[in-house]
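Read the structure below first, then the notes.
Any read-out appearing in this document is the output of simple, stated calculations on the displayed coordinates, not a laboratory observation. In this text the structure is predicted, and so the values were computed from the model without any measurement. Here the Cβ is made from the backbone with ideal geometry for all residues, glycine too, and neighbour counts use every protein chain on show.
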Amino acid sequence: MHDLISQLIRPDIRALTAYHVPDPAGLVKLDAMENPYSWPDALKAEWLEVLREVALNRYPDPQGAAVQAAVREAMAIPEDMGLLLGNGSDELIQMLAMAVAQPGRKVLSLDPGFVMYRMIARFAGMDYVGVPLRSEDFSIDLPVMLDAIEREQPALVYLAYPNNPTGNRFDSDDMVRIIEAAPGLVIVDEAYAPFTDCSFLGLLGDWQNLLVMRTVSKMGLAGIRLGYLVGPHAWLEQIDKVRLPYNINVLTQASAAFALKHKPLLDEQARMIRAERQRLHTALSTLNGVHAYPSEANFILMRVGEDRADTIFEGLKDQGILIKNLNGAHPMLDECLRVTVGRAEENAAFLSALTRLL
Ligand code: PMP
């Protein structure tokens with residue numbers, strides 16, 4: 001069997017390690033940028049009533065018309081722009097790659113950045129080019145970025161706004177220069193839009209190569225897997241051709257349409273997360289030997305002193321708290337840890353466990 005595996009599975013796929021998610025059982029889960037709040041019981045009961053009517057024996061609406069309408073209304077999608085739904089934004093990244101991949105074609109983004117841009121480029125047989133951010137503050141080094149675009153001529157450029165795992169929001173003038181210089185599509189990935197006041201949604205149409213990608217995951221709906229791509233119809237009609245027919249299942253369609261009708265609750269949760277982020281950042285900044293980077297997302301990147309990240313990560317886990325260890329993930333992230341903003345009591349538990357370990 002092993003011979004057949006090595007004959008059949010592409011060498012670049014064999015060389016990969018599968019995306020690993022640690023088992024969070026019994027731990028305070030502050031590793032995956034989820035919204036920590038649930039819904040009031042009355043709202044849950046109303047949602048279950050909606051689900052009761054869902055026909056599990058039927059395929060979903062292939063276009064997801066009702067959920068599209070709900071997304072358009074709740075998220076104020078410009079009327080003249082198209083909307084494409086994905087099974088999480090991860091699937092949209094995959095669709096984009098499938099629609100453009102050809103030998104020699106490139107995906108370009110900023111590093112350290114969201115790992116799926118690189119992973120999916122590789123799955124699709126494309127080359128990934130990671131342009132380094134400035135190491136002091138993770139801002140864009142514009143001349144370096146413009147040079148890379150000129151040299152590499154990427155088919156796709158991803159700009160995460162705010163960026164993961166660094167948490168900062170790039171300068172919008174730099175982004176405009178990038179959009180104008182790029183020979184292909186530029187996708188502004190606004191996964192963390194609920195936690196910042198800035199967006200490129202209103203600028204769609206100003207450049208023919210700009211698309212905006214969003215997700216409901218960080219709004220408290222990570223479990224249902226729904227991402228959406230917004231941009232000129234002419235682009236989305238092409239990308240839609242590589243979408244699997246029923247990519248958004250019936251439970252997701254019904255649940256998302258329901259949840260988005262209650263957007264004020266999700267907005268209130270995002271507001272609470274922003275307030276907690278401020279408190280957590282202030283508290284982290286007072287700790288000796290911890291550098292907490294500014295964040296416009298629902299997580300905070302921090303650098304801990306010499307050779308301590310692995311020990312602190314394991315020590316927190318021993319005390320029942322799971323965060324993300326980024327040490328070794330990228331040369332610029334040496335001794336870095338990332339903590340998702342949780343509920344007040346979770347953040348307090350994290351802070352006291354961390355203080356004990358320092
Ligand atoms: N973009 C960024 C920048 C992210 O950090 C993430 C998830 N961590 C995603 C996209 C993927 O989101 P989804 O859950 O919609 O697949």
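Structural remarks
- Protection proxy ranking of 343-352, 164-173, 199-208, 91-100 - average other beta-carbon atoms within 10 Å, highest first: 91-100, 164-173, 343-352, 199-208
- Residues LEU301, LEU146 arranged by fewest to most Cβ contacts within 10 Å: LEU146, LEU301
- In terms of distances greater than 29 angstrom between alpha carbons, the cross-link table entries LYS44/LYS241; LYS44/LYS218; LYS29/LYS106; LYS241/LYS324 yield LYS44/LYS241; LYS29/LYS106; LYS241/LYS324.
- With a Förster radius of 45 Å applied to the beta-carbon distance between GLU237 and ILE5, the computed FRET efficiency rounds to 0.70.
- Karplus 3J(HN,Hα) series, Hz, for segment 127-137 with 6.51 cos²θ - 1.76 cosθ + 1.60 (x for Gly, Pro): 8, 10, 10, x, 8, x, 6, 5, 6, 5, 9
- Multiplying the residue separation of GLU268 and ARG14 by 0.36 nm and subtracting their alpha-carbon distance yields 87.0 nm.
- Averaging the Cα positions of each part gives two centres, and for segment 43-112 and segment 1-24 these lie 28 Å apart.
- Simple Cβ-charge dipole of the chain, Lys/Arg +1 and Asp/Glu -1, about Cα centre, in debye nearest 20: 660 debye
- Over the chain: helical MRE at 222 nm, DSSP H runs n ≥ 4 each giving -39500 (n - 2.57), nearest 500: -12000 deg cm²/dmol
- Only Lys, Arg (+1) and Asp, Glu (-1) charged, at Cβ; segment 1-107 dipole about Cα centre in debye: 460 debye
- In plain terms, if you count all Cα to Cα distances in the chain and split them into 10 Å steps from zero, the share in each step is 5, 23, 31, 27, 13, 1 percent.
- Selected from THR166, VAL107, ILE149, residue furthest toward positive end of dipole (segment 101-169; charges at beta carbon): VAL107
- Put simply, the amide H of LEU108, placed in the peptide plane, has neighbours under 5 Å in VAL129, LEU156, VAL157, TYR158, leaving out anything fewer than 5 places away on its chain.
- Dipole axis of segment 1-115 (+1 Lys, Arg; -1 Asp, Glu on Cβ), positive-most option in ILE9, MET75, TRP47: ILE9
- Taking a ≥ b ≥ c as the square roots of the eigenvalues of the alpha-carbon gyration tensor, segment 55-261 is classed prolate because a/c is 1.5 or more and a/b outweighs b/c.
- Using the Cβ-Cβ distance between SER352 and GLN102 with R0 set to 56 Å, the FRET efficiency works out to roughly 0.55.
- Segment 55-261, dipole about Cα centre (Lys/Arg Cβ +1, Asp/Glu Cβ -1), debye to the nearest 20: 860 debye
- Contact order for segment 55-261, expressed relative to its length and based on alpha carbon pairs under 8 Å spaced 6+ residues apart, stands at 29 percent.
- Base-10 log of normalised Debye intensity for segment 8-59 (one unit scatterer per alpha-carbon) at q = 0.27, 0.28 Å⁻¹: -1.02, -1.05
- Selection from PHE123, LEU210, VAL188, by position along the positive dipole direction of segment 55-261 (Cβ): PHE123
- Part-to-part distance (alpha-carbon centres) for segment 180-226 and segment 248-326, which is given in Å: 20 Å
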